[in-house]
Structures are given as C-alpha cells and as structure tokens.
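The values are calculated or read from the model by the stated rules, or taken from the named source; none is laboratory data. Keep in mind it's a predicted model, so treat the numbers as computed, not measured. All Cβ positions, glycine included, derive from the backbone under ideal geometry; neighbour counts span all protein chains shown. In case anyone asks, the SASA skips ligands and DNA or RNA and just uses the protein heavy atoms, side chains included. Shrake-Rupley method; radii C 1.70, N 1.55, O 1.52, S 1.80 Å.
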Amino acid sequence: MAKRDYYEVLGVSKGASDDEIKKAFRRKAIELHPDKEGGDETKFKEVNEAYEVLKDSAKRQRYDQFGHAGVGGNGGGGNPFGGFGGQGQSVNFDFGDLGGLGDIFGSFFGGGQQRQKRPDRGRDVEMELGLDFEEAVFGVETEVKLNLNDTCDHCKGKTVEPGHELKTCATCKGSGQEVHVAQTIFGNIQQATVCRTCKGKGKVPEKKCTVCNATGVQRKDKNVKIKVPAGIDDGATIRLREYGEAVANGAKGDLYVHIRVAPHKEFTREGELILSKVHIPMVDATLGTEIDVETVDGPVKMKVPAGTQSGTDFKLSDHGVPHLRGEKRGAHIVTVNVDIPTKLTKEQKELLEQFKASHKKGWFK
C-alpha cells in the first residue's frame, strides 16, 4: 500500500512553517491517540512518522526533493519488523521517545516490559555484539564464546545417576508442598510451602548424579554462531531461543544479543538511507563535472550538473541499506558542498573580475 503524502497526513500545505507543522501534529496526535476513545492506532503512527520527517529541516528538504525514498522509508512510526527465522533467531527493535510527546507513548509502544520468569525454565542470558558499519549494512555471521550453565552431559539434565530413576518425594508424597498448621488467635490455620526436600518437584533422584550433584547443569564454555541479518541497526536485539542457561528437567532460557554499531568516519545512517558529503571546487560546480563518490559498495561515478549550488542533495539509488525483509535497498544521499577559494593569484583575480564585469553587462545568466 502506497504511503500518503506527509503534508496531507498532517493537513498542512507544503509551504507550512515549523510552528504550523508542530501545531498540526499536536492536534492530530491528541485526536488519534489509541488510548483515547475513538483513537486510531494506524493513523496515529502515520501522523508521528510524518512529523518525524517534516520537523527536521534536512529531512524535510530531502523529502521535498525525493519523496519517501529520500527519508529512509520509515520515519519512526513504530516497529514494522516481526521476526527472522533460521535456527530460532528473531530480531526486535527498541524505539525511544517518539515525536517529543514524552511518557504518553510509553505504554502504547510497550517499552520497558520485563520478562517474567517461568517455572522449569533456565535463565535468559544477555550480551552485546559490536559490529562495524559495513557489517550492519550487509549482515555477518559470527561466533561468540559464552560461559554459562549448560545441560549436564552425564545425566542429560535429569539430575539422576544413569541407571537410576526419580522417585516420589517422601517428604511431600509427590505434591511438591509441605502443609503446616499454625495456631493463631483465630484458630488453627493451614499454611502450604514449597517442599524443602524436592524444591516443589514432587520427585527426588534415587541416586544423585555424581557429576552435577543433582543440579542437572554444568558450567561450560560454549561457542554460539550468530547470523546477523543485512540491514540491522544500532540498538536492535537478536533473540536466540533456548541458547541461554539450562535448568534441571526444563527448557533452556534464551540468549539476547544487543547490537552495537560503530560509527563510520564518512557515512551516517537514517533508516535505510546512507548519507555522506563531498566537496567540489567552485569552478567544477559552475561548469559541471563527474566525480567518484565513496559508497558501501565502493566508488561510484556521479554527474554534477553545471550550476550546482552548495548544499544540493543527489540520490544514488540502491546504494543504501537493505530492507530487513526483501531484496530492495535504500538510497545513498550525497550532499555536495561547493568550496570557495580563500587565496587567489593575481591572474585568477583578474579572470574573476572579468567574469564579474561580463555578468553585470548581462552576458551571463
């Protein structure tokens, strides 16, 4: 489905001032907020995305020139990504404060929810993985070493010495609870607590595992392969199901890999866009030229037409960041800055004076 024009979304004209855009956004955000009766979550996200672009002068200029392709596809309106298959890996994104409305976005976008610990499940493990700019753009497969509680090789996590079995706990008779009677001024009150012998399992080893002493786990160094998808961004999290710590007679926890992307010395990134700047001499900008522009794919030739003004943006299609889903790529936006000479020879000054005089007589436009 094609995206609507951002000015149309906010209900303002293309010549609207920054103040008009801000007022229009606030009005729409209050009207459409999903926590309000009659709110619309989809339109609310659309309004926020439009504002994220139009409030920024540089993004707005690129949007006016190139449309949606000039602002990286997603302007910040929520998480458009679900997950990635392949060996139980999934990718989630953490978006910060959206649109400057502060805490009213917190509950809506689900930020900061804590994972609840489930019974018979190992502990989740978190780690950070550093990538360089190109690795984040094109993806990479890497291997990390973790030291964690893994399943005991001897008893396979069952806590029992091989050749023996689990038996019903004699303390709680298999219920997993001990019932105590407490005398109070209100009479006798029954109180149930977790069985101190079987820890609520209802069963105990006939003979404890001689390697792990019935814990079901061993501390190990473990190598884990991580497939990082092309287009992942700084702050994303990859979840590997059941690559966390083990627990006796239960499922393993998950491994959460938090991505940290190092900045590039020449490029910056906005969603699926890559941005860079080049400098050209005044004469080349006046007469036109062809230059080599560095991209993540290597040098690319780019034509600079005669009369190019300083600050002009040029779009190199399909040289940006790949979409996390699909084969398409964003664009590389190149901002051309024209260098004005500060020191001139006598001959150069005379030539410029001649040009100036010719310009005044109307010989040039």
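If the condition is being open to solvent by 30 Å² or more (accessible area, probe 1.4 Å) and either farther than 26 Å from Val53 by Cβ or in contact with an Asp or Glu (Cβ under 6 Å, 6 or more places away or on another chain) (or both), then the range 267-290 contributes His279, Pro281, Met282, Val283, Asp284, Thr286, Leu287, Thr289, Glu290.
Of the listed requirements (1) over 30 Å from Ile226 (Cα atoms); (2) touching a residue at least 40 places away in the same chain (Cβ under 8 Å); (3) part of a strand (DSSP E or B), Pro341 misses just one: (3).
Go through the range 294-306 and count every residue that is under 25 Å from Ser57 (Cβ atoms) and open to solvent by less than 40 Å² (accessible area, probe 1.4 Å).
Going through the range 294-306, the residues under 25 Å from Ser57 (Cβ atoms) turn out to be 295, 302, 304-305.
Narrowing further to those that are open to solvent by less than 40 Å² (accessible area, probe 1.4 Å): 295, 302, 304.
Going through the range 294-306 one residue at a time, the tally reaches 3.
Is it the case that Gly271 is within 17 Å of Ile232 (Cα to Cα), touching a residue at least 40 places away in the same chain (Cβ under 8 Å) and among the small types (Gly, Ala, Ser)? So Gly271 fits the description; yes.
Contact annotation: residue pairs with Cβ atoms under 7 Å, 6 or more positions apart or on different chains, pairing a residue in the range 17-36 that is of a type in the set (Val, Ile, Thr) with a partner that is not in a helix (DSSP H, G or I), are Ile21/Val12; Ile21/Lys55.
Based on this model, can you work out whether His319 counts as open to solvent by less than 70 Å² (accessible area, probe 1.4 Å), assigned to a loop (DSSP other than H, G, I, E, B), under 19 Å from Phe66 (Cβ atoms) and not hydroxyl-bearing (Ser, Thr, Tyr)? When the stated conditions are applied, His319 passes them. Looking at the range 352-363, can you tell me whether even one residue there is in contact with a helix residue (DSSP H, G or I) (Cβ under 7 Å, 6 or more places away or on another chain) and either under 30 Å from Val224 (Cβ atoms) or of a type in the set (S, T, N, Q) (or both)? No, because not a single residue in the range 352-363 is in contact with a helix residue (DSSP H, G or I) (Cβ under 7 Å, 6 or more places away or on another chain) and either under 30 Å from Val224 (Cβ atoms) or of a type in the set (S, T, N, Q) (or both).
If we only count strands (runs of 3 or more DSSP E) wholly inside the range 154-260, which ones have 3 or more residues that are under 30 Å from Glu270 (Cα atoms)?
Working: elements: 166-168, 177-184, 187-194, 203-205, 217-228, 237-240.
Because the criterion is at least 3 residues that are under 30 Å from Glu270 (Cα atoms), the strands (runs of 3 or more DSSP E) in the range 154-260 that meet it are 217-228, 237-240.
Within the range 227-239, the presence of at least one residue that is among the hydroxyl-bearing types (Ser, Thr, Tyr) and within 32 Å of the chain's Cα centre (by Cα) is confirmed. Can you tell me which residue within the range 194-226, out of those that are of a type in the set (S, T, N, Q) and surrounded by fewer than 17 Cβ atoms within 10 Å (Cβ to Cβ), is nearest to the chain's Cα centre (by Cα)? Residue satisfying both the conditions and the ranking: Asn223. Annotation note: Cβ proximity below 6 Å between a residue of the range 282-299 that is on the phi < 0 side of the Ramachandran plot and a residue that is among the β-branched types (Val, Ile, Thr) and in a loop (DSSP other than H, G, I, E, B) (sequence gap 6+ or interchain) occurs for Met282/Ile340; Ala285/Thr308.
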